[in-house]
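*Asks:* Sharing a structure, written as structure tokens. Questions coming.
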Amino acid sequence: MMAEMPAPLALVRDDAAGRAFARRGGEVFPVGRFLHDVACLAALLPPGRPVANLCQDRYRFAVGFGAALCAGGVTLLPPSDMPAVLDAVMADYPGAVCLGDTPCREGRAMFAYPALPAWDGVWRGTPFFASDQPACVLFTSGSTGRPQPHVRSWGLLVASAVSAGREIGVVAGASLVGTVPHQHSYGLESLIMLALQQGLVLVADRPFYAHDIVAVLAAVPSPRMLVTTPVHLKLLLGDGQELPAVDLLLSATAPLDVALACAAEEGFAAPLHEIYGCSEIGQLASRRSVHGEEWRCLDGFAMRQDGSATWACVSTFGAACETRLGDIIELRDARHFRLLGRSTDLVNIAGKRSSLSALAAQLCAVDGVLDAVFVAAGESELGRQYLDACAVAPGCDAPEVLRALRLRVDPVFLPRRLRLVDALGRNEVGKLTQAALRQLWGEGQEG
């Protein structure tokens, strides 16, 4: 007997044609207009061709994402729009189209986001797609530095959005403001997919600096949800501005320490949830940060261990797959776990173990330190590993910061060099690239 095929899944929750789907400034885009724009753009795209969606405006990106699905193509999400990165991605997808709403770097041929016909107010219904239809390709850096593709099916994207929305308690109709790029896995799932599948109102603006984030939040109606990172939370809390109340905070890209989570909940008068995931399979677990360090898998997701390896598994909404994780996981059971760090992040010095991220968190906890990073710098002549660190600490000096750090970490983990810099050079999601780490050891004060 043949297995029953899973039912197709809708592009957008279509409970009302006039319900708001997105807003840009004072302009509101109803669900009906969004679907109209998707259909119009899909008719203009080359059928079946991959689409590298470089649109900066979140609404236009969402239209392009839906249009690519309707046209039978897959959305490519390059890790950046740098020429070398785009060249590497496009070379692997002959015939791919670059869709954008701003001029492309170095004159690359671009399918410019067009002026679409006005919506006539007629409701034409929402498109449905098979759960196994490839929806997007995200990229991570391989060992050679060449972008490595990870295909996500439509069913997997829907599964994580529906399960995450239920777990964190999103409120339908909430204004969805984000400080992260929507081309990144976290931004795609927690901005675009939550808007599509949970009835949230996508805010097209892309605020990055603290005063811009506060201004955008204050300008949109309640209920409000902020999708952000630990780096942005620390900047917002240290900026001295009065923070607008929100109804829900969501953070990812790096673990939050409890003190920052508590300060964020107090400052915004809202519960804060963290999301855990990876580029290969997407978001798969969450936790209420102030309640402890244990993570809980989303509904339909689970974990298993095979020797020293941990595998994330999903089987819901027609999506069935598993992937090996690059993190060190301590399983409590198939749905609950502790995150101990990246396998590449662990250090063992004089028989004592820690992780670079945990050490950086201790450095960030020193008064006056706004941001920090530890790196494994090499080995001494005696074969003992040593560490270096960089920190952003305006008004402090390196010896002062080192003295405070001695009270927080075992002496074997104290950095051989501590360099104070103006900024670490994090990217849009708060991560540090290898190139940025190399540049940190230019000018700065050492201790």
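The values are calculated or read from the model by the stated rules, or taken from the named source; none is laboratory data. Owing to the predicted nature of the structure, the values given are computational and were not obtained by experimental measurement. Neighbour counts are summed over all protein chains in view; Cβ atoms, including those assigned to glycine, are modelled from backbone coordinates with ideal geometry.
*Asks:* Among the residues in the range 314-326, are any out of contact with any Asp or Glu (no Cβ under 8 Å at 6 or more places or on another chain) and more than 22 Å from LEU188 (Cβ to Cβ)?
*Replies:* Within the range 314-326, not a single residue is out of contact with any Asp or Glu (no Cβ under 8 Å at 6 or more places or on another chain) and more than 22 Å from LEU188 (Cβ to Cβ).
*Asks:* Which one of these is at pLDDT below 95, under 28 Å from GLU27 (Cβ atoms), surrounded by fewer than 22 Cβ atoms within 10 Å (Cβ to Cβ) and in contact with a strand residue (DSSP E or B) (Cβ under 9 Å, 6 or more places away or on another chain): ASP101, ASP132, ASP92, ASP120? Can you show your working first?
*Replies:* On the way: ASP132 fails: under 28 Å from GLU27 (Cβ atoms); ASP92 fails: under 28 Å from GLU27 (Cβ atoms); ASP120 fails: in contact with a strand residue (DSSP E or B) (Cβ under 9 Å, 6 or more places away or on another chain).
Only one candidate passes the filter, namely ASP101.
*Asks:* Only residues in the range 167-194 that are free of Cβ contacts under 8 Å to residues at least 60 places away in the same chain count as the first member; pair them with residues that are aromatic (Phe, Trp, Tyr), Cβ under 7 angstrom, at least 6 apart or cross-chain, and list the lot.
*Replies:* Correct list of pairs: THR179/PHE208.
*Asks:* Kindly list, by first and then second residue, each pair from a residue in the range 87-103 that is of a type in the set (A, V, I, L, M, F, W, C) to a residue that is in a loop (DSSP other than H, G, I, E, B) and surrounded by fewer than 16 Cβ atoms within 10 Å (Cβ to Cβ), limited to pairs with Cβ atoms under 7 Å and residues at least 6 apart or on different chains.
*Replies:* Close Cβ pairs satisfying both conditions: ALA88/ARG146; VAL97/PRO46; CYS98/ALA109.
*Asks:* Looking at (1) in contact (Cβ under 8 Å) with a residue 60 or more places away in the chain; (2) touching a Pro at 6+ places or on another chain (Cβ under 8 Å), find the lone condition where VAL216 falls short.
*Replies:* It fails just one condition, (1).
*Asks:* Now for a separate question. What number of residues within the range 18-57 are buried (at least 19 other Cβ atoms within 10 Å of the Cβ) and over 28 Å from GLY95 (Cβ atoms)?
*Replies:* Of the residues in the range 18-57, 8 are buried (at least 19 other Cβ atoms within 10 Å of the Cβ) and over 28 Å from GLY95 (Cβ atoms).
*Asks:* Could you tell me which of the residues ALA263, ALA270, ALA245, ALA218 is within 18 Å of LEU176 (Cα to Cα) and in a helix (DSSP H, G or I)? Lay out the reasoning, then the answer.
*Replies:* Values: ALA263 fails: within 18 Å of LEU176 (Cα to Cα); ALA270 fails: in a helix (DSSP H, G or I); ALA245 fails: in a helix (DSSP H, G or I).
Answer to the check: ALA218.
*Asks:* Let me spell it out: the conditions are (1) buried (at least 16 other Cβ atoms within 10 Å of the Cβ); (2) assigned to a strand (DSSP E or B); (3) modelled with pLDDT under 75, and GLY378 meets all of them except one. Which number is the exception?
*Replies:* (1) is the only condition that GLY378 fails.
*Asks:* In the range 61-69, is there at least one residue being farther than 21 Å from SER190 by Cβ, crowded, with 17+ Cβ neighbours inside 10 Å and either among the polar types (S, T, N, Q) or modelled with pLDDT of 95 or more (or both)? Working first, answer last.
*Replies:* Narrowing the range 61-69 to residues farther than 21 Å from SER190 by Cβ: 67.
Subset that is crowded, with 17+ Cβ neighbours inside 10 Å: 67.
Next, only the ones that are either among the polar types (S, T, N, Q) or modelled with pLDDT of 95 or more (or both) stay: 67.
Checked against the condition, which is being farther than 21 Å from SER190 by Cβ, crowded, with 17+ Cβ neighbours inside 10 Å and either among the polar types (S, T, N, Q) or modelled with pLDDT of 95 or more (or both), the range 61-69 yields at least one hit.
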